[in-house]
Amino acid sequence: MIASNLEAIYSELPSDVKLVAVSKYQSEACIMEAYQAGQRVFGESRPQDFLKKAQSLPKDIEWHFIGHLQTNKLKMVLPYVSMVESVDSLHLLREIDKWSKDAGRTTDVLLELHIAAEESKQGFHEEEILDIMFNRESFEGVRIRGLMGMATNTDVQDDVRADFGRIRAFMDYLRDLFPEYGDFAELSIGMSSDYRIALEFNPTIVRLGSAVFL
Ligand SMILES: *Cc1c(COP(=O)(O)O)cnc(C)c1O
């Protein structure tokens, strides 16, 4: 089941789009089923669960943290992640930067842009991201790799399209503004319900949970 889901998804994804299999509600057995089918990139959003999984599952798994991260949980999460996709405040960015410098590492992050109509969703506004990008050299412990966004939860496809169009346009704007910053290239958009729409906007990462595991 999981293997055939993955096969179907990969047949639809362009080869340069990375699939993050969102395993936040999944048992280790289910994750191993996906692993055995060849999947190596997984996404988690709850620090405690993530820590357990990261410690017991194979070491060649590439873990992306995709949930809201409280700074008091950083120490639990950062040693095991290859990317934090959900940096949604300056405070969090600063704390990740500080932890990384203390640990002698750099942490790859995406800045989450608030694109949905729901106010409850997390994320920066465009001006805040611009400020960070102009000051990115003050964050020596993080490598800002791109943007992440979540579209409005709606059946109205054109509303979803408008959200993804907005983040795509902002990504292109930033790439033009900072052409020397080649590390800044990732666009993570698309979940199970809307990744086909996201694919119209050339993401580099999609994050799929139920499409993989259900
Ligand atoms: C849970 C989650 C996903 C995956 O959601 P599905 O609808 O199961 O594909 C993607 N991104 C984020 C940030 C999530 O929290």
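Rule-based calculations on the coordinates, nothing more; no lab input. Just so it is clear, the model here is predicted, and its values are computed rather than measured. Cβ coordinates were reconstructed from backbone atoms using ideal geometry, including for glycine residues, and neighbour counts include every protein chain displayed.
Cross-link partners for Lys73 among the lysines, with Cα-Cα distance under 18 Å and sequence neighbours closer than 8 places in the same chain left out: Lys24, Lys52, Lys53, Lys98, Lys101. Modelled spin-label separation between Arg161 and Arg105, with each label point placed 7 Å from Cα along the Cα-to-Cβ direction: 4.2 nm.
Computed from label points 7 Å out along Cα-Cβ, the spacing between Glu137 and Tyr173 is 2.4 nm. So, R0 is 35 Å and r is the distance between the beta-carbons of His91 and Leu214; what FRET efficiency does that work out to, to 0.05? Here the calculated transfer efficiency is 0.50. Label zone (Glu12, point 7 Å along Cα-to-C-beta; backbone nitrogen cut-off 15 Å) within region 25-48: none. For the chain, the spread of Cα coordinates along the three principal axes comes to 46, 43, 32 Å, biggest extent given first.
Restricting region 119-214 to GluC sites (Glu not before Pro) that sit in a DSSP loop and have at most 10 other Cβ atoms within 10 Å of their own Cβ leaves Glu119, Glu180. Within the chain, the longest run free of trypsin sites (Lys or Arg not before Pro) that sit in a DSSP loop with at most 15 other Cβ atoms within 10 Å is 106-214. Our summary gives region 126-214 a relative contact order of 27 percent, counting only alpha carbon pairs under 8 angstrom and 6 or more residues apart.
With the Cα gyration tensor of region 110-214 giving a ≥ b ≥ c as the square roots of its eigenvalues, does the rule (a/c under 1.5 for rounded; else a/b larger than b/c for prolate; else oblate) give rounded, prolate or oblate? Here region 110-214 falls in the prolate category.
Membrane-span-like helices of the chain, defined as complete DSSP H segments with a Cα extent of 24 Å or more along the helix axis and a mean Kyte hydropathy of at least -1.0, are identified as 157-177. Loop exposure criterion: chymotrypsin sites (Phe, Trp or Tyr not before Pro), DSSP state outside H, G, I, E and B, at most 16 other Cβ atoms within 10 Å. Applied to the chain, the longest stretch between such sites is 26-180. A simple spin-label model places pseudo-atoms 7 Å from Cα toward Cβ; at Asp183 and Asn153 they are separated by 3.4 nm. For the chain, relative contact order (Cα pairs under 8 Å, six or more residues apart, normalised by length) works out to 21 percent. Here the Gaussian network model covers the chain, with springs between Cα atoms less than 10 Å apart; of Ser23, Ser188, Ser56, Ser56 fluctuates the most.
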